[in-house]
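*Asks:* The structure that follows is given in the form of structure tokens.
The values are calculated or read from the model by the stated rules, or taken from the named source; none is laboratory data. The structure presented is a predicted model; accordingly, all values stated were derived computationally and were not measured. With ideal geometry, Cβ positions are generated from the backbone for all residues, glycine too; neighbour counts draw on all protein chains shown.
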Amino acid sequence: MTKHVFVIGLDEFNLRELQTVHNAAEYEFHGLVSYETMVNPPSYPMAEIMAEARRTLTEAPSVDAIIGHWDFPTTSMLPILRREWGLPSPTLESVLYCESKYWSRIAHQEAVPECTPPFQGLDPYSDDPVRDLELDYPFWLKPTTAFSSYLGFRIDNEDRYREAMATIRENIHVFAEPFDYMLQHCENRSALPAHGNGATVLAEGLIGGHLCTLEGYVHEGDVVTYAVIDSLRGSNNVSFLSYQYPSQLPDGIQNRMRAYAERILKHIGLNQTPFNMEFFWDPQTDYIWLLEINPRISKSHCPIFQMATGASHHEVAIDIALVRRPDFPHPEGRFPMAAKFMPRVYGNAVVNRVPSAAEIEAIKRHHPELVVHVYVEEGMQLSELRAQDSYSYEIADLFLGGESEQELHEKFRETMQLLDFQFSEVLPTNYG
């Protein structure tokens, strides 16, 4: 029988990705709350969003699964809605341990202290944030709940600290208010740390090295990691350049990361969900640092898996939601390697030219696997882009396949030359 699968924030691109999964004809996919409502809106009116989701589900003839691939608040909506519809789900409390970077660090310190940098939770509304600070400079400062490095700053001195804290204080409500709304739906609030809320700010010591992401799932308490993806950053060592699969890290390092992943996930009680987890490996010290846990698949990796394994790992999210053990990845891809590239501009300017659909189609005659998402329009200021990191503007996403890492990067640079984005000023980029 057809399974009715509801997808929070479903858009046309991810619908096409969902339709690549094995046995896709067995599913009927339905959007649950619009993409525009869930992805980069100016605010999240959670009571209205949840009411809309409940109306859609109530009117549906059948609800067999509810899934999502976007960051918070999608990830926190899932356990609430699944619980209300009697569907298998991780607990909201275990998901909030992942959503809150501060609470997550507390759990890391308890379960994998050797992977945890020094950290501190701070109140952005304090009368004297400098007096409250216990960490030495330099460190990272970021909201406890956000994504894509939004409002994240490297702090090297007191002036920078005061400036960054003022910026965070002015904007943190965008995620703090929906986080505190979700917190009210906990059935066991005592399972979470007593200190901290949506408006907490995390300060943590600098960590670095080779960054990678583990993709996996927890099924009936069994933690499985099925892929490791390398994350390459640009010259500022902050802004991402590409995600590449499969990882080039030594097998021994990957296995140590898998063991740490199992330890922390069992500690916070996360179950019946996909996850992705970011780690650094410092080859000079051989330290492995845990950065963060996300209780979902990475949407950025879906086309990568489609190119390199033959199907999007939306398949994993569907199987777990239907209480089936996934059989993923498949050895059916067109390329031995695949990557997502994030072309960036370091500085603000007016966009003078973007490639047309016809130009993109012409490039695809040379690279048929190419997928391009353009995020800018002619005449706009780059500063109008939402949810950017604090140091660059991501103007597009490109997905490409190749025989090697070198070929992938050559394809990326060649494709960006052909796309020919133009701006009102000559600015540094990560593709020039």
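*Asks:* Pairs please, first residue from the stretch 125-149 and surrounded by fewer than 19 Cβ atoms within 10 Å (Cβ to Cβ), second anywhere and of a type outside the set (A, V, I, L, M) and modelled with pLDDT under 95, Cβ atoms under 6 Å, 6+ apart in sequence or on different chains.
*Replies:* Here the result reads PHE147/ASP71; SER149/ASP389, each pair linking the stretch 125-149 to a residue that is of a type outside the set (A, V, I, L, M) and modelled with pLDDT under 95.
*Asks:* Follow-up question, since we're still on this one. Here are ILE8, ILE49, ILE67: which of them is in contact with a Leu (Cβ under 7 Å, 6 or more places away or on another chain) and either at pLDDT below 95 or aliphatic (A, V, I, L, M) (or both)? Break it down into steps so the answer makes sense when it comes.
*Replies:* Working: ILE49 fails: in contact with a Leu (Cβ under 7 Å, 6 or more places away or on another chain); ILE67 fails: in contact with a Leu (Cβ under 7 Å, 6 or more places away or on another chain).
That would be ILE8, the only listed residue that is in contact with a Leu (Cβ under 7 Å, 6 or more places away or on another chain) and either at pLDDT below 95 or aliphatic (A, V, I, L, M) (or both).
*Asks:* Right, something else. Can you find, within the stretch 257-294, the residue that is surrounded by the fewest Cβ atoms within 10 Å (Cβ to Cβ) among those that are among the charged types (D, E, K, R) and within 16 Å of ALA227 (Cβ to Cβ)? Give the steps one after another, and end with the answer.
*Replies:* Looking only at the stretch 257-294, we keep the residues that are among the charged types (D, E, K, R), and these are 258, 262-263, 266, 278, 282, 286, 292.
Next, only the ones that are within 16 Å of ALA227 (Cβ to Cβ) stay: 258, 262, 278.
Values: ARG258: 18, GLU262: 16, GLU278: 18.
So the residue we want is GLU262.
*Asks:* Could you list, ordered by first residue, the pairs with Cβ atoms under 6 Å in which the first is in the stretch 272-288 and more than 15 Å from HIS313 (Cα to Cα) and the second is part of a strand (DSSP E or B) and aromatic (Phe, Trp, Tyr), at least 6 apart or interchain?
*Replies:* PHE280/TRP289; ILE288/PHE279; ILE288/TRP281
*Asks:* Here is a further query. Within the stretch 48-143, which helices (runs of 4 or more DSSP H) (wholly inside it) include 3 or more residues that are over 20 Å from TYR35 (Cβ atoms) and aliphatic (A, V, I, L, M)? Walk me through how you get there before you give the answer.
*Replies:* Values: elements: 74-84, 92-99, 101-111, 129-132.
The helices (runs of 4 or more DSSP H) meeting that bar are 92-99, 101-111.
*Asks:* Continuing with the same structure: Looking at (1) in contact with a Phe, Trp or Tyr (Cβ under 7 Å, 6 or more places away or on another chain); (2) buried (at least 21 other Cβ atoms within 10 Å of the Cβ), can you tell me which one LEU57 breaks?
*Replies:* (2)
*Asks:* While we're looking at this one, here's another question. Among the strands (runs of 3 or more DSSP E) confined wholly to the stretch 277-390, which include 3 or more residues that are farther than 30 Å from GLY205 by Cα and of a type outside the set (D, E, K, R)?
*Replies:* Working: elements: 287-294, 337-341, 351-353, 371-374.
Ranges flagged: 371-374.
A quick yes/no check of all residues on (1) more than 30 Å from PRO343 (Cα to Cα); (2) in contact (Cβ under 8 Å) with a residue 24 or more places away in the chain; (3) within 20 Å of the chain's Cα centre (by Cα); (4) not assigned by TED's automatic domain parsing to the domain that holds ILE106:
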site: SER190; (1), (2), (3), (4): yes, no, no, no
site: HIS210; (1), (2), (3), (4): no, yes, yes, yes
site: HIS219; (1), (2), (3), (4): yes, yes, no, yes
site: SER231; (1), (2), (3), (4): no, yes, yes, yes
site: ALA259; (1), (2), (3), (4): yes, no, no, yes
site: ARG263; (1), (2), (3), (4): yes, yes, no, yes
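*Asks:* Please verify whether the stretch 99-108 includes one or more residues that are under 27 Å from GLN306 (Cα atoms) and either assigned by TED's automatic domain parsing to the domain that holds ARG160 or modelled with pLDDT of 95 or more (or both).
*Replies:* Initially, the stretch 99-108 is screened for residues under 27 Å from GLN306 (Cα atoms), giving none.
So far as the stretch 99-108 goes, no, none of its residues is under 27 Å from GLN306 (Cα atoms) and either assigned by TED's automatic domain parsing to the domain that holds ARG160 or modelled with pLDDT of 95 or more (or both).
*Asks:* Residues being over 25 Å from VAL316 (Cα atoms) and in contact with an Asp or Glu (Cβ under 8 Å, 6 or more places away or on another chain): count how many of those fall in the stretch 44-64.
*Replies:* 2
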